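Just so it is clear, none of the values below were taken in a lab; they were calculated from the coordinates. Computed from a predicted model, the values in this text were never measured in an experiment. FYI the Cβ positions are ideal-geometry reconstructions off the backbone, even for glycines, and counts take in every protein chain you see.
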2 protein chains.
Amino acid sequence: MKNYNRKAEIFQILSHPVRLQILDELRKREACVCHLQAVTGRPQAYVSQQLQLLRAADLVADEKEGQNVYYCLKDEFVKVLLFEALGPAGPPSHPPSCTCPFCSQEK
Amino acid sequence: MKNYNRKAEIFQILSHPVRLQILDELRKREACVCHLQAVTGRPQAYVSQQLQLLRAADLVADEKEGQNVYYCLKDEFVKVLLFEALGPAGPPSHPPSCTCPFCSQEK
DNA sequence: TAAATACATGCAGAGAAAGATATATATAGA
DNA sequence: TCTATATATATCTTTCTCTGCATGTATTTA
């Protein structure tokens, strides 16, 4: 039963559209919070909350770089689940509203 | 976003320990409700409720055979997820309290 | 040094959904 | 009639979702 509980927790985290979208974006490339804000169309505090959840579950890693904090997906099990659920990772998004280094550089 | 929503629903169903246990049992072999009752240690109405959920999500198929109703896992995607989460399916359980055909036959 | 940017965190509150349990009834088959 | 199962209802509690807002902190830039 303990094994079921632990796995159920991970499924629980994946059972949310916005978190799923964030994780899908992170498996394409590391991304800062403002990028995830633009991709999901959610307010900053909300995105930070979800990221806090993902950090607490040890699914993502964060690294500060200048003003920005970059997140990346570090859990291999979740990577497999995302692949099974969504197929291979697509190209990174470029929301017009995003001004992060990656997005401005590539536009 | 729609794709995220649909997949999130499936993850949501898997995010529950008892449902996970039921699905794990069903991928080993078809099972009647009384068997799942014995395996999970939950009351009949409760197990039926969860099975109703699984049926509504089209993850399991049910077939009446005499008095019993046998359920089996019919969703390939869920089978893959279970394999990734729990590894290969183990041997079917034989709870002593279960009097279903399979269990009495094999004891 | 001051201001702006990016992010984290906390709190409050409303509404929705989920979990658990109990109970009662209906139905089909042996 | 007995058994196995489905279904419905009700209730209670807990958790989740979302929003809004306020504040703290570190870093960069002016």
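Farther than 13 Å from A:L20 by Cβ and surrounded by 16 or more Cβ atoms within 10 Å (Cβ to Cβ): is that true of A:C100 in this structure? Walk me through how you get there before you give the answer.
Working: farther than 13 Å from A:L20 by Cβ: yes; surrounded by 16 or more Cβ atoms within 10 Å (Cβ to Cβ): yes.
Considered against the rule, which asks whether it is farther than 13 Å from A:L20 by Cβ and surrounded by 16 or more Cβ atoms within 10 Å (Cβ to Cβ), A:C100 comes out as yes.
Being at the interface with chain A (Cβ under 7 Å from one of its Cβ atoms) and over 16 Å from A:E84 (Cβ atoms) is the filter here, so list the residues in region B:2-11 that pass it.
Once the filter is applied, which keeps residues that are at the interface with chain A (Cβ under 7 Å from one of its Cβ atoms) and over 16 Å from A:E84 (Cβ atoms), region B:2-11 yields only B:N5.
For region A:12-23, how many residues are more than 7 Å from every other protein chain (Cβ to nearest Cβ) and closer than 25 Å to A:E65 by Cα?
Taking region A:12-23 as the starting set, the residues that turn out to be more than 7 Å from every other protein chain (Cβ to nearest Cβ) are A:13, A:18-19, A:22-23.
If we keep only those that are closer than 25 Å to A:E65 by Cα as well, we get A:18-19, A:22-23.
Within region A:12-23, residues that are more than 7 Å from every other protein chain (Cβ to nearest Cβ) and closer than 25 Å to A:E65 by Cα number 4.
Restrict the check to region B:24-46 and report whether at least one residue is closer than 19 Å to A:A8 by Cα, more than 14 Å from chain A (Cβ to nearest Cβ) and not in a helix (DSSP H, G or I).
Scanning region B:24-46 turns up no residue that is closer than 19 Å to A:A8 by Cα, more than 14 Å from chain A (Cβ to nearest Cβ) and not in a helix (DSSP H, G or I).
Look through region A:1-36, keep the residues that are free of Cβ contacts under 8 Å to residues at least 40 places away in the same chain and more than 30 Å from B:P17 (Cα to Cα), and return whichever of them is nearest to the chain's Cα centre (by Cα).
Per the stated criteria, the residue is A:L36.
Give the number of residues within region B:68-107 that are within 14 Å of another protein chain (Cβ to nearest Cβ) and part of a loop (DSSP other than H, G, I, E, B).
Taking region B:68-107 as the starting set, the residues that turn out to be within 14 Å of another protein chain (Cβ to nearest Cβ) are B:75-90, B:93, B:95.
This time we only want the ones that are part of a loop (DSSP other than H, G, I, E, B), so: B:75, B:87-90, B:93, B:95.
Going through region B:68-107 one residue at a time, the tally reaches 7.
Just to verify a result, which residue in region A:18-33, among those that are surrounded by fewer than 20 Cβ atoms within 10 Å (Cβ to Cβ) and within 13 Å of DNA strand D (Cβ to nearest atom), is farthest from A:L86 (Cα to Cα)?
So, considering only residues that are surrounded by fewer than 20 Cβ atoms within 10 Å (Cβ to Cβ) and within 13 Å of DNA strand D (Cβ to nearest atom), the one farthest from A:L86 (Cα to Cα) is A:V33.
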